[in-house]
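Derivation of every value follows stated rules applied to the coordinates shown; laboratory data play no part. Note that the structure is predicted; figures quoted are calculated from it, not measured. Neighbour counts are summed over all protein chains in view; Cβ atoms, including those assigned to glycine, are modelled from backbone coordinates with ideal geometry.
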Ligand SMILES: Nc1ncnc2c1ncn2[C@@H]1O[C@H](COP(=O)(O)OP(=O)(O)O)[C@@H](O)[C@H]1O
Ligand SMILES: [Mg+2]
C-alpha cells in the first residue's frame, strides 16, 4: 500500500485523498499571504512542502492542522472538512492525526513518558498500563528507549525532536504533520530523522506531510514536493521533476539554498566559532544516544 | 468474545477478530488477561484480525508479561504482514514467539 504514490507520483488522486485543500486563501489582517492553494495528498504518500523563508510554509501548515481558519476555501483531512466539521467529528479526527511541531513543544514540567502519553490521556479511556506500554513502544521506535524518566531540559536537540515524534505517533495516526524536522540539527541527527520518517511510512503506511527548507532532506524522503513561492504554489512534482525543472524560480530555490537557508542562532554561532557540532550541544556529547541510526 | 476461547491439548486458544483499535483494545485486553489467569499456556490466534494498532499490541505485551510472571507461555499465531511490520518496527518480533498457524504453534508447544 505504501507503493501508491510510486505508481503515478505526479498524478493527483482525488478519490481517496487523505488531504484535500481547495481554493484556500489566507490573510494576516488585511494582508493576503496564501493565494489559491490547491493540494492533495494520497494515502501512504510523503508530501514535502518547500519554499524560501516567508513563502508561507508555516502558515499553510497552521491551516492544515486547524490552528488557523482560511478566509476562503476548504481543508479536508481524512474526508473531514475541518473548516466546517462539528466538534464531535473533530474530536474523532484528532485521534487519527499526529503533529510534530518545530521545537518539539514538550511540556517542561513532565518527564518524557508522561509527555508521550499525553494524547492518550486526552483522547482515550485506555487503561494506564496500556498507555504506558504504548508510549514505551514508541520510545523504542524513535530510538529513545531508556529516556522515559528524563525531563525535557535534560534532552539534546535531536532527542527532543524524537520525543516529539514519539508523542505525535503514539495513537498510530493515519496522517502525520511535521514542521521543519531537521531545523537546528546536525547532519547525522537530521538524516536519522529522515530515516525514521521513511520507516514510519513503510511500517505503518502513514501519510506524511513535511514542511522543510532542507533540500537534501526533501529529496531523500519526498514522493512529491510542493514548492511555495510568495504564498502561491509554484509547482507540485516528484523529486525528478523538481530536479530537472527549468523554471527559473525553482532553479533559484535549488541553487540559492545555502543563502536562503534559515538557520537557528545556535547553529550559526557554532559555525562562526568553528565548534564541532555535537560538542556545541552539551546534552548530545558522549553519553546520550543522539546521532545513532533511528 | 467469550466463545473465542477454546481448549486444545491443554492449551487455551484465544481467537481475536476484526479491527483491534483504540475502541476495541480494552475488550481484547480483558479477554487476554482472563485467559492468562487460568494458568495455562495461551495461543493467541490473530488469523481473523484485519487490523491491529498499538493499543492492541500493548495489550498483547501486557498479557505476555503476566504469563511470564506465572511461568506460562503466550505465543502468537498467524500475525498478518501489516501487524508484523509494526512488530518489527518496535522489535517485538524478538519478544514474542510467532507461529505461522495453529498446527505449527501446537507442535511447538509439545
Ligand atoms: N503571525 C503573523 N502575523 C503577520 N504576518 C505573518 C505572521 N506569520 C507569518 N507572517 C507573514 O506571512 C508570510 C508567510 O510566513 P510563513 O508562513 O511563516 O512563511 P515560511 O514558514 O515559509 O517562512 C510572511 O510574509 C510572514 O512575514
Ligand atoms: Mg516557517
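Note that region A:19-236, at 25 °C in a medium of 0.890 mPa s, gets a Stokes-Einstein diffusion coefficient of 138 µm²/s from its Kirkwood radius over C-alpha pairs. The simple spin-label model puts a point 7 Å past each Cα toward its Cβ; for residue A:71 and residue A:35 those points are separated by 1.2 nm. Centre-to-centre separation between the Cα atoms of region B:2-78 and those of region A:58-125: 32 Å.
Remind me, what semi-axes does the protein assembly as shown give for its equivalent ellipsoid, largest first in whole Å, using sqrt of 5 times each Cα gyration tensor eigenvalue?
Details: eigenvalues 334, 122, 72 Å².
Values for the protein assembly as shown, descending: 41, 25, 19 Å.
In chain B, the inverse of the mean reciprocal separation of distinct Cα atoms equals 13.6 Å; this is its Kirkwood hydrodynamic radius. Expressed in Å, the radius of gyration and Dmax of the Cα atoms of region A:200-239 are 11.3, 36.
Inter-label distance, residue A:108 to residue B:23: 4.1 nm, where each label sits 7 Å from its Cα along the C-beta direction. For region A:126-167, the Cα gyration tensor yields ellipsoid semi-axes of 19, 10, 8 Å (square root of five times each eigenvalue, largest first, whole Å).
Counting neighbouring Cβ atoms within 10 Å and putting the fewest first, the residues A:28, B:51 line up as A:28, B:51.
Here r is the Cβ-Cβ distance between residue B:69 and residue A:230 and R0 is 60 Å; the resulting FRET efficiency, rounded to 0.05, is 0.45. Here region A:53-145 was treated as a single set of alpha-carbon atoms; its pair distances binned every 5 Å from 0 give 2, 11, 18, 19, 17, 15, 12, 4, 2 percent.
Provide B:87, A:101 in ascending order of the number of other Cβ atoms located within 10 Å of each residue's Cβ, fewest first. Please report the intermediate quantities before stating the final value.
Values: B:87 22, A:101 19.
Starting with the residue having the fewest Cβ neighbours, the order is A:101, B:87.
Distance between the pseudo-spin-label points of residue A:266 and residue A:129 (7 Å out from Cα toward the beta carbon): 3.9 nm.
Quick check on the exposure proxy: order A:182, B:47, A:109 from fewest to most C-beta atoms within 10 angstrom. Mind dumping the intermediate values first?
Values: A:182 23, B:47 14, A:109 9.
So the ranking, lowest neighbour count to highest, is A:109, B:47, A:182.
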